[in-house]
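The values are calculated or read from the model by the stated rules, or taken from the named source; none is laboratory data. Everything quoted here is computed from the prediction, not taken from an experiment. As a convention, Cβ positions derive from the backbone with ideal geometry for all residues, glycine included, and neighbour counts pool all protein chains shown. Please note that ligands, DNA and RNA were not included when accessible areas were found on the heavy atoms of the full protein model with its side chains. Shrake-Rupley method; radii C 1.70, N 1.55, O 1.52, S 1.80 Å.
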Amino acid sequence: MEQAAKAQGSSCKESLSEQLMKPMRKMLIIEKQGKIITLVCAWVLIVTLFSLLYFITSKGISPFVNNQITLAEFFSFEWGPTASAEQGGPFYGAMAFILGSLAVTLGATVVSAPLGIGAAIFMTEIAPDWGKKILQPVIEMLVGIPSVVYGFIGLTVIVPVIRETAGGLGFGLLAGIIVLSIMILPTIISVGVDAIQAIPRQIREGSYALGATRWQTVSRLVVRAAIPGLMTGVVLGMARAFGEALAVQMVIGNSPNLPASFIEPISTLTSVITLNMGNTVQGTTYNNVLWSMALILLLITMLFIFLIRFITRRREY
Amino acid sequence: MPQTITVPFPVQVKPKFKISQPQEKKQLRVQLETVDLHVYYGETHAVKGVDLPLYQNTVTAFIGPSGCGKSTFLRCLNRMNDTIPGARVEGRIMVEGIDINQPVINTSHLRRHIGMVFQRPNPFSKSIYENIAFAPRLYGASKKDLDRIVEESLKKVALWDEVKDRLHKTALALSGGQQQRLCIARAIAMNPRIILLDEPTSALDPISTGKVEELVQELKKDFTIAIVSHNMQQAARISDYTAYFYMGNLVEFGETAQLFTNPKKKETEDYLTGRFG
Amino acid sequence: MNAKTIDRIATFCFYSIAVLIVGILLGLVSFILIRGLGVIDWSFVTEAPGSVLTGGGGVGPQLFNSFYLLILTMLITIPLGLGGGIYMAEYAKPGKLTDFIRLSIEVLSSLPSIVVGLFGLLVFVQYTGWGYSMLAGALALTVFNLPLMVRIVEQSLTAVPREQREASFALGVTHWQTILKILIPAALPGIITGTILASGRVFGEAAALLFTAGMTSPPLDFTNWDFTSPTSPLNPFRPASTLAVHIWKVNAEGIIPDAKEVASGASALLVIAILIFNLVARWLGRFIHARLTSS
């Protein structure tokens with residue numbers, strides 16, 4: 001009986017009621033402190049996001065607010081920031097880059113979505129055993145490889161191959177699409193695997209019990225039930241492709257053309273920003289227009305994120 | 001100022017039921033008493049106005065079909081329901097003259113006096129020694145005290161001989177029964193007045209269950225014990241008093257021998273004879 | 001065609017996809033390693049890059065910068081991530097604020113890293129007046145690493161069984177003490193594994209660093225341990241190009257004659273480092289888990 005009394009030190013002389021009524025001020029202060037410190041850490045996230053949105057937005061709209069260029073000029077196809085006044089310049093039309101970004105993103109998605117969803121089905125429905133054992137680490141490795149390494153491989157392997165088989169320089173839309181589709185594959189696969197695994201077993205068993213083949217079960221039941229999750233993976237992959245800078249910049253050729261053919265060099269928003277941000281003087285129209293492109297990049301990424309929220313919210317009911 | 005309801009202390013009550021065991025004292029002290037206790041989980045009224053005493057150095061068993069509110073009731077007694085979001089407890093829980101169901105009560109101190117053991121053995125993922133020393137150390141026990149507390153607690157639950165050579169190995173390597181006894185040792189290391197056991201044997205094999213039951217008999221010499229049990233035979237074997245709960249109500253409370261052989265209420269009899277539940 | 005035949009064709013297609021993906025990875029990794037390992041030797045790993053005209057030299061400072069930047073980033077991210085993760089797992093109640101924090105986590109972790117880099121340029125490079133510096137780079141990396149870290153800590157904490165928490169509360173241990181003494185230790189294997197995997201991502205990041213930590217590395221004197229000296233490798237206010245940035249730079253500029261060799265060697269180093277991160281993360285997680293659960 002006396003053991004804890006000793007452990008409690010001074011409090012052993014107090015009666016139970018005194019002890020229980022003793023306000024736990026010191027304890028409460030520590031508790032409060034803990035909660036406040038962690039809350040501050042959580043607020044860092046909110047503050048960071050909003051200052052990021054604020055700074056990029058204010059910089060991005062500055063060329064329009066300061067009447068350096070008009071929105072119509074910005075969304076035109078004419079790009080020539082160094083063109084002289086006699087040539088009618090300079091021109092700051094970024095439309096070709098926006099379309100370039102969209103083109104590589106869409107291209108990569110078209111290649112990667114079927115492969116990724118197929119791999120996800122393979123890992124969950126066809127061969128869960130060695131699918132997990134082999135594909136899982138493979139996917140983790142693919143995620144881990146830095147984007148510059150993908151760019152470098154694109155530069156040294158994919159570009160020469162395209163040059164030899166399709167002609168041209170090799171740099172261009174096609175090279176960008178190939179590199180990006182490998183990069184976004186793991187995202188689509190891992191989100192897809194989670195989505196398919198979330199489907200109750202009974203759905204499958206019911207179908208097999210009725211004599212349906214595996215393909216019938218997968219295509220009619222599993223994929224249909226998992227569509228929101230599969231879509232989420234695809235949109236996440238698109239967001240990643242759209243925002244990827246260095247790997248794309250290294251292989252697409254960086255010429256301000258419209259994406260007219262697959263093997264012609266083009267530019268994207270990210271590649272133009274990457275190449276010119278360091279070489280332009282702060283405050284000039286040229287530099288400010290780059291910030292406007294960053295703002296477009298940010299807005300479209302936000303659009304992707306809200307699209308995902310919309311898809312996943314619908315899944316709940 | 002928070003309102004404190006005081007009752008004469010200590011409360012001396014005449015036992016409402018004749019105690020059959022000859023070794024029992026004529027007069028029992030009430031260690032804890034609930035007065036009109038209600039528990040709500042959101043909209044659900046889980047415990048509906050229960051008045052129940054726990055007598056000092058006795059074992060009181062709570063029985064009843066699952067979902068009858070017996071575990072919920074038990075969890076009120078050391079304010080564990082505070083940790084469940086949306087739970088609301090109304091009424092008084094009197095311990096030695098004070099109502100412990102008020103916001104001003106220091107639940108941290110309270111739980112040191114009213115310990116609890118859970119359904120599934122839940123040792124911390126620490127060493128056996130650390131499992132027991134963890135809480136006393138936080139309350140300022142010295143190294144020497146800790147060694148003694150660990151040894152005494154383990155001896156009380158008859159675990160000392162089994163584990164004394166591996167005190168600093170992880171507790172998760174123990175068997176289920178050993179883990180549960182360790183959890184009991186962990187609770188008594190704080191030297192509580194009352195120990196609440198929430199179906200402590202439901203996850204154990206028959207042999208381990210037997211050991212825990214023996215232990216409960218042993219422990220009532222030092223502590224007041226309340227035990228929730230799924231198993232009527234177990235309740236009959238180890239308890240001095242039994243409370244039968246149904247649908248959140250306390251249907252009948254009485255001396256175990258009397259309640260099992262000669263229940264006053266029809267519902268109790270139906271349950272005991274297996275007509276339902 | 002009957003259902004059986006279609007089923008066989010579909011199965012064949014799925015197997016082809018799986019083989020294709022495994023093939024791509026094997027191709028990538030073996031290409032990188034075969035091309036790179038021929039370049040890597042002791043001097044490549046330790047020496048500074050040679051002059052622009054002659055080429056040669058190694059990537060010693062870049063390798064050091066990558067690790068130093070990783071450490072700086074983690075010094076900032078880990079405490080903040082622990083705090084934020086604890087809040088989300090233990091204190092956050094369903095409501096506007098929690099939804100808001102979740103939205104922030106989601107948005108921040110999927111922002112393009114180049115945008116994060118530009119934000120860093122604006123705030124940590126220009127606004128603070130530090131110029132291109134390691135600290136600015138570390139802060140920019142924190143911006144997208146922190147949400148990841150918060151998520152790792154939150155998931156590891158919520159994976160701790162409820163029973164552990166109850167056991168601690170039932171002993172009269174307060175919530176905060178329970179978090180520090182019971183929950184965090186129990187969640188440690190998950191937190192460590194997640195942190196190391198996140199480190200891999202930070203280690204290979206380049207786009208966010210171009211305009212924050214910069215693309216150049218000043219001549220370093222590795223015997224100089226004075227934090228404030230501009231030639232000290234430890235000075236957090238000096239510009240620093242990392243391995244990943246260096247790979248991009250030599251390829252993009254294409255000036256130095258041996259750009260391809262340098263890039264192959266550096267890529268191999270990067271991939272090896274990330275392989276090691278992956279293996280260590282798995283091994284350490286398993287090891288700690290085993291230490292905690294067996295005798």
*Work out how far the C-alpha atoms of chain C reach from end to end along every principal axis, then list the three figures in whole Å, largest first.*
70, 70, 44
_Separation of the C:Val22 and B:Ala203 label points, Cα + 7 Å toward Cβ, nm_ = 4.0 nm
_Stokes-Einstein D in µm²/s, Kirkwood radius over Cα pairs - the range A:132-209 at 25 °C with 0.890 mPa s viscosity_ = 163 µm²/s
*Cα axis of helix B:176-188 to longest principal axis of chain B: angle in degrees, 0 to 90, nearest 10?*
80 degrees
*asked:* At 7 Å along Cα-to-Cβ for each site, give me the label-to-label distance between C:Leu284 and B:Arg166 in nm.
replied: 2.8 nm
*asked:* Positive end of the dipole of chain B, charges at C-beta (+1 Lys, Arg; -1 Asp, Glu), about the Cα centre: which of B:Gly115, B:Leu37, B:Leu154 has its Cα farthest in that direction?
replied: B:Leu154
*Taking each residue of A:96-107 in turn, how many C-beta atoms of other protein chains fall within 10 Å of its C-beta, and what is the average?*
0
*Say the dipole of the protein assembly as shown comes from +1 at the beta carbon of Lys and Arg and -1 at that of Asp and Glu; which of A:Leu307, B:Ile195, A:Ala226 then lies farthest toward its positive end?*
B:Ile195
*So how far apart, in nm, are the two label points at C:Phe12 and C:Leu37 if each is 7 Å from Cα heading toward Cβ?*
3.7 nm
*In whole Å, how far is the Cα centre of the range C:191-223 from that of the range C:8-36?*
30 Å
_Between the range A:45-71 and the range B:53-98, the alpha-carbon center distance in angstrom_ = 59 Å
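Calculated FRET efficiency, A:Lys22 and C:Leu97, Cβ-Cβ r, R0 25 Å, to nearest 0.05?
Working: r = 33 Å, r/R0 = 1.31.
Result of the calculation: an efficiency of 0.15.
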*Given 10 °C and 1.306 mPa s, how large is the Stokes-Einstein diffusion coefficient of the range B:12-272 in µm²/s, with Rh as the Kirkwood radius over Cα pairs?*
84 µm²/s
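So, for the range B:102-160, what is the accessible surface per residue at a probe of 1.4 Å, expressed in square angstrom? Don't jump to the answer; show the numbers that get you there.
Numbers: 1980 Å² over 59 residues.
Per-residue value: 33 Å².
For C:Tyr87, B:Tyr139, what's the largest-to-smallest order of accessible area, 1.4 Å probe?
B:Tyr139, C:Tyr87
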_Point-charge dipole on Cβ atoms (K/R +1, D/E -1) for chain C, about Cα centre, debye to 20_ = 840 debye
*Considering the Cα trace of the range B:49-130, what is its radius of gyration and what is Dmax, both in angstroms?*
14.3, 42
*Could you tell me the convex hull volume per residue, in Å³, taken over the Cα atoms of the range A:94-316?*
133 Å³
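Just tell me how shielded C:244-255 is by partners: mean number of partner chain Cβ atoms within 10 Å of each residue's Cβ, no decimals. Show your work: numbers first, answer last.
Numbers: counts 5, 2, 1, 7, 11, 1, 1, 8, 9, 0, 0, 0.
For this peptide, the per-residue mean of nearby foreign Cβ atoms is 4.
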*For B:Ser142, what accessible area in Å² do you get when you roll a 1.4 Å probe over the heavy atoms of the protein chains, rounding to the nearest 10?*
50 Å²
*Any idea of C:Ser217's accessible area? Nearest 10 Å², probe 1.4 Å.*
40 Å²
*For the range C:151-295, with the dipole built from +1 on Lys and Arg beta-carbon atoms and -1 on Asp and Glu ones, taken about the Cα centre, which of C:Asn235, C:Leu183, C:Val280 lies farthest toward the positive end?*
C:Leu183
*In a solvent-free Debye calculation with one equal scatterer on each Cα, what is log10 I(q)/I(0) for the protein assembly as shown at q = 0.08, 0.11 Å⁻¹, listed in the order of the q values?*
-0.87, -1.23
*Within 10 Å of each Cβ in peptide C:83-96, how many partner chain Cβ atoms are there on average? Round it to a whole number, please.*
4
*If you put +1 on each Lys and Arg Cβ and -1 on each Asp and Glu Cβ, how big is the dipole of the protein assembly as shown around its Cα centre, in Debye rounded to 20?*
2340 debye
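With a cut-off of 8 Å between alpha carbons and a minimum separation of six or more residues, what is the relative contact order of the range B:12-272 in percent?
Details: 484 pairs, mean separation 69.9, N = 261.
Value for the range B:12-272: 27 percent.
In what sequence, largest accessible area first, do A:Trp43, C:Trp225 appear using a 1.4 Å probe? Show your work: numbers first, answer last.
Numbers: A:Trp43 110, C:Trp225 170 Å².
Ranked list, largest accessible area first: C:Trp225, A:Trp43.
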*On the full set of protein chains, 1.4 Å probe, figure out the accessible area of A:Ser190 and give it in Å² to the nearest 10.*
50 Å²
*Do any of A:Lys35/B:Lys48; B:Lys126/B:Lys156; A:Lys32/C:Lys96; A:Lys132/B:Lys126 go past 23 Å between their Cα atoms, and which?*
A:Lys35/B:Lys48; A:Lys132/B:Lys126
*What ranking do B:219-226, C:35-42, C:56-63 get when scored by the average of other Cβ atoms within 10 Å per residue, highest first?*
C:56-63, B:219-226, C:35-42
*Dipole magnitude of chain A, debye to nearest 20 (Cβ charges: Lys/Arg +1, Asp/Glu -1, about Cα centre)*: 1240 debye
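Measure off, as a whole percent, the carbon and sulfur share of the 1.4 Å-probe accessible area of the range A:209-256, all protein chains present. Display every interim value, and only then the final one.
Details: 1090 of 1740 Å².
Percent of accessible area from carbon and sulfur atoms in the range A:209-256: 63.
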*Accessible heavy-atom area order of C:Arg238, B:Arg237, A:Arg214, C:Arg165, highest first, probe of 1.4 Å*: B:Arg237, A:Arg214, C:Arg165, C:Arg238
